[in-house]
1. Which condition does Pro201 not pass, out of (1) in a loop (DSSP other than H, G, I, E, B); (2) closer than 19 Å to Gly9 by Cα, if it passes all the others?
2. How many residues, within region 119-154, are within 23 Å of Asp164 (Cβ to Cβ) and open to solvent by less than 80 Å² (accessible area, probe 1.4 Å)?
3. Pick from Gly225, Gly238, Gly202, Gly215: which is open to solvent by less than 40 Å² (accessible area, probe 1.4 Å) and either under 17 Å from Glu25 (Cβ atoms) or modelled with pLDDT of 95 or more (or both)?
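The values are calculated or read from the model by the stated rules, or taken from the named source; none is laboratory data. What you are looking at is a predicted structure, and each value in this text was computed from that prediction instead of being measured. Reconstructed Cβ throughout: ideal geometry from the backbone, glycine too, with neighbour counts over all protein chains shown. Ligands, DNA and RNA are stripped out before the accessible areas are found, and what is left, the full protein with its side chains, is counted by its heavy atoms. Shrake-Rupley method; radii C 1.70, N 1.55, O 1.52, S 1.80 Å.
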Amino acid sequence: MTGVLLLHGSSGAPDVQRARLLEAEGYDVLAPRWTVTHEVPLESFPLDELAARNDRLVVMGSSWGAEASLLLGALDERVDAVVAFAPSAYVWGRVLEDGSQRSAWTWQGEPLPFVPFDKAWKAEDDPPSYTGLYRQSVQVFGDAEQALIPVERIREVLLIAGGDDKVWPSVEFADEIARRRGERRTRIVVGPEAGHRPVLPGEEPKSAGQRMARGGTDEADRELGARAWDEIRNLLAG
């Protein structure tokens, strides 16, 4: 039996529609609500519960949930495969109310090295796009390589990214992940005109989250989701 841990992004809303699609395919799915804050323990996600009743584990996540999914795949040996929507190649920070920054995640009690946001960056559009912030932060932070997610440790990876992602440069991140994985099994599905939130067949677009540009169009996001769904089903079927 295959268990799927499904992790939402910064919207804070579990992907209930996606969970139902996966359950309809016969998979054991947990889609926990987690608090999007700093230094979230990766062990706090319910992999133990899934592992207790499944012999194969897949972690699937979107955006910040994709970041967590890739980290779990790299750090927890029980994870067989990762599906990452709008993935990140790096661990990022979180900005606290006092302006200081902390790692988004911890593992075994220790904060993971992270790329801090460049405080000199300013949004130039409204609603704001943050792709420039992420690119600039990597460029100006001298130790960015220390914050790379060790994706070369993951057994199998499926990456789904939109070329018009206005949140962060997910296609660039996906290419970096694939490059670093070398010959390890990696599949990338790109929609050139899709944005940050691909829509799978049977889903409605997600609307929760803070006000920002996310890119894409309804048609492009659904087209990417349709192609991604075929790849997801193949991966889950083993």
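1. Here Pro201 meets the rest and fails (2).
2. Residues meeting the conditions: 14.
3. Among Gly225, Gly238, Gly202, Gly215, only Gly225 is open to solvent by less than 40 Å² (accessible area, probe 1.4 Å) and either under 17 Å from Glu25 (Cβ atoms) or modelled with pLDDT of 95 or more (or both).
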